[in-house]
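**Student:** After the structure tokens below, expect a handful of questions from me.
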Amino acid sequence: MYQTRITKLLNIKYPIVQGGLAYLAYADLAAAVSNAGGLGQITAMSLPDPESLQKEIHKVKQLTGKPFGINFAIGQHGRLFEHMVQVAIDEQVPVVSITGGNPAGVLDMLKDFPIKTLVLVASSRQAQKAQELGADAVMVVGQEGGGHLGRSDTGTIVLTPHVVDALEIPVIASGGIVDGRGLMAALALGAEGIEMGTRFIATKEIQSHINYKQAILSADEGDTVVIKRSLGTPARALRSPFTENILSLEEKYGNNYEQLKDYISGEVNQKYIHSGNESSGFGWAGQGASRIHQILSVKDLISSIIDEADQIRGKWSKEV
Ligand SMILES: Cc1cc2nc3c(=O)[nH]c(=O)nc-3n(C[C@H](O)[C@H](O)[C@H](O)COP(=O)(O)O)c2cc1C
């Protein structure tokens, strides 16, 4: 049942992928997810240079013998970007995921190597492009998701089957999924796996301030906001006085990046997620935060997702 083209492609037990998580997804988290049967990932943009990425890859290889991925955000690292990708090639990493721009260059660099490629998309058009360029699978993120989103405001339940119907390569659903119900819903929509970001923030292994984890647990419906819409790069974060202020600045200054840059940078993001001081920055989170009630170890989280999915399957086989 949980064997899909995604589990086969990525050589994993369960069709569960940990999304790239800027400044949070390092070797410890990636190894915990991979050891629990999913696909863990290291986020390259959290690391300053190719040498640091190489060290992190060596560390994850020591912590797990299972497949793992490296997440690359196009446009980050400036001139160092290609060197960062080259490290992934030299280290023969099993999987690379690509986000944040045209994946053509990275896919071209990887095409002669046995590295599986996942491209994060937010529309059928982007998904078809990724398929044409030779991606092995796409991860499609709906409007509920945490972090950067598509511009069409389309939710996961509509976007996923749309993309599934448009493609031949397998699709991983993402955005708002936090549990076994979400996994079963994604499979019912035709996806062959799920990617989760926000759910992994409330885990024991992730290196973030406890206040960020607690804020995820306390979030209710409506406690996330989409910032940076005025800049054409919408992204979902926890609602707080800090993010409310960003929304006011966007209303006042429109797409004037200069007026906004001190409030939306990676440094400001890191200030909150690592210091926990709500007045100094913001934390990305998706709408699924309102459905997260416990900080779990990654192993317990993955088991709970599979147990819940099994229960649903059992119930359906009796009742439907
Ligand atoms: C804290 C945080 C940081 C993120 N950073 C990245 C990133 O660096 N690269 C990336 O591809 N996606 C990033 N994302 C998006 C996630 O990988 C994933 O697609 C998204 O969280 C899925 O929606 P969910 O949060 O509802 O699970 C981030 C999401 C969050 C919540």
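The values are calculated or read from the model by the stated rules, or taken from the named source; none is laboratory data. Quantities reported herein were computed from a predicted structural model and do not represent experimental measurements. Please note: Cβ atoms are built from the backbone with ideal geometry, for glycine as well, and neighbour counts cover all protein chains shown. Note: areas computed on protein heavy atoms with side chains; ligands, DNA, RNA excluded. Shrake-Rupley method; radii C 1.70, N 1.55, O 1.52, S 1.80 Å.
Condition check ((1) surrounded by 20 or more Cβ atoms within 10 Å (Cβ to Cβ); (2) aliphatic (A, V, I, L, M); (3) under 18 Å from the mean Cα position of the chain (by Cα)) across all residues:
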residue	(1), (2), (3)
Q259	no, no, no
E278	no, no, no
F282	yes, no, yes
L301	yes, yes, yes
Q311	no, no, no
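**Student:** Same structure, new question: Counting only residues that are open to solvent by 30 Å² or more (accessible area, probe 1.4 Å) and without any contact (Cβ under 8 Å) to a residue 12 or more places away in the chain, give me the helices (runs of 4 or more DSSP H) lying completely in the stretch 122-204 with at least 1 of them.
**Tutor:** Numbers: elements: 124-132, 156-166, 180-188, 198-201.
Helices (runs of 4 or more DSSP H) meeting the threshold: 124-132, 180-188.
**Student:** A further question on this structure: Restricted to the stretch 75-104, and to residues that are open to solvent by less than 70 Å² (accessible area, probe 1.4 Å) and modelled with pLDDT under 95, which residue is farthest from E56 (Cα to Cα)?
**Tutor:** G101
**Student:** Condition (residue is at pLDDT 95 or above, under 22 Å from I6 (Cα atoms) and among the polar types (S, T, N, Q)) applied to the stretch 111-122: is it met by at least one residue?
**Tutor:** Looking for residues that are at pLDDT 95 or above, under 22 Å from I6 (Cα atoms) and among the polar types (S, T, N, Q), one finds at least one in the stretch 111-122, hence yes.
**Student:** Identify, from the list S46, S34, S52, the residue that is within 14 Å of the ligand (Cβ to nearest atom) and not acidic (D, E).
**Tutor:** Details: S34 fails: within 14 Å of the ligand (Cβ to nearest atom); S52 fails: within 14 Å of the ligand (Cβ to nearest atom).
Testing whether each residue is within 14 Å of the ligand (Cβ to nearest atom) and not acidic (D, E) leaves just S46.
**Student:** Got a sec? Which of Q311, Q270 is within 16 Å of the ligand (Cβ to nearest atom), assigned to a helix (DSSP H, G or I) and either touching an Asp or Glu at 6+ places or on another chain (Cβ under 8 Å) or touching a residue at least 12 places away in the same chain (Cβ under 8 Å) (or both)?
**Tutor:** Q270
**Student:** So S248 ticks every box in (1) among the hydroxyl-bearing types (S, T, Y); (2) over 26 Å from L183 (Cα atoms); (3) at pLDDT below 95 but one. Which box is left unticked?
**Tutor:** (3)
**Student:** Here's a follow-up. Determine if the stretch 42-62 includes at least one residue that is touching a Ser or Thr at 6+ places or on another chain (Cβ under 9 Å), open to solvent by 50 Å² or more (accessible area, probe 1.4 Å) and of a type in the set (K, R).
**Tutor:** No; the residues of the stretch 42-62 include none that is touching a Ser or Thr at 6+ places or on another chain (Cβ under 9 Å), open to solvent by 50 Å² or more (accessible area, probe 1.4 Å) and of a type in the set (K, R).
**Student:** L110: more than 14 Å from M45 (Cα to Cα), crowded, with 18+ Cβ neighbours inside 10 Å and over 19 Å from the mean Cα position of the chain (by Cα), yes or no?
**Tutor:** On the way: more than 14 Å from M45 (Cα to Cα): yes; crowded, with 18+ Cβ neighbours inside 10 Å: yes; over 19 Å from the mean Cα position of the chain (by Cα): yes.
Answer is yes for this residue.
**Student:** Out of (1) closer than 22 Å to T198 by Cβ; (2) at pLDDT below 95, what's the single condition that is false for M1?
**Tutor:** Of the numbered conditions (1) closer than 22 Å to T198 by Cβ; (2) at pLDDT below 95, the odd one out for M1 is (1).
**Student:** Would you check if A219 is within 12 Å of G286 (Cβ to Cβ), outside the structural domain of L39 (by TED's automatic domain parsing) and within 16 Å of the chain's Cα centre (by Cα)? Walk me through it before giving the result.
**Tutor:** Details: within 12 Å of G286 (Cβ to Cβ): yes; outside the structural domain of L39 (by TED's automatic domain parsing): yes; within 16 Å of the chain's Cα centre (by Cα): no.
Criteria not met by A219.
**Student:** Go through (1) in contact with a strand residue (DSSP E or B) (Cβ under 7 Å, 6 or more places away or on another chain); (2) away from the ligand (no atom under 12 Å from the Cβ); (3) of a type outside the set (V, I, T) one by one and return the number of the condition G197 breaks.
**Tutor:** Condition (2) is where G197 drops out.
**Student:** Restricted to the stretch 63-74, and to residues that are within 13 Å of the ligand (Cβ to nearest atom) and open to solvent by less than 20 Å² (accessible area, probe 1.4 Å), which residue is nearest to the chain's Cα centre (by Cα)? Give the derivation first.
**Tutor:** Initial filter on the stretch 63-74 (within 13 Å of the ligand (Cβ to nearest atom)): 69-74.
Cutting the leftovers down to open to solvent by less than 20 Å² (accessible area, probe 1.4 Å) gives us 69-73.
Numbers: G69: 12, I70: 11, N71: 9, F72: 11, A73: 11 Å.
Per the stated criteria, the residue is N71.
Each row is one residue, and each column tells you yes or no for (1) free of Cβ contacts under 8 Å to residues at least 12 places away in the same chain; (2) in a strand (DSSP E or B); (3) over 21 Å from D136 (Cα atoms).
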{"position": "Y2", "(1), (2), (3)": "no, no, no"}
{"position": "K8", "(1), (2), (3)": "yes, no, no"}
{"position": "A22", "(1), (2), (3)": "no, no, yes"}
{"position": "R79", "(1), (2), (3)": "yes, no, yes"}
{"position": "A88", "(1), (2), (3)": "no, no, no"}
{"position": "G101", "(1), (2), (3)": "no, no, no"}
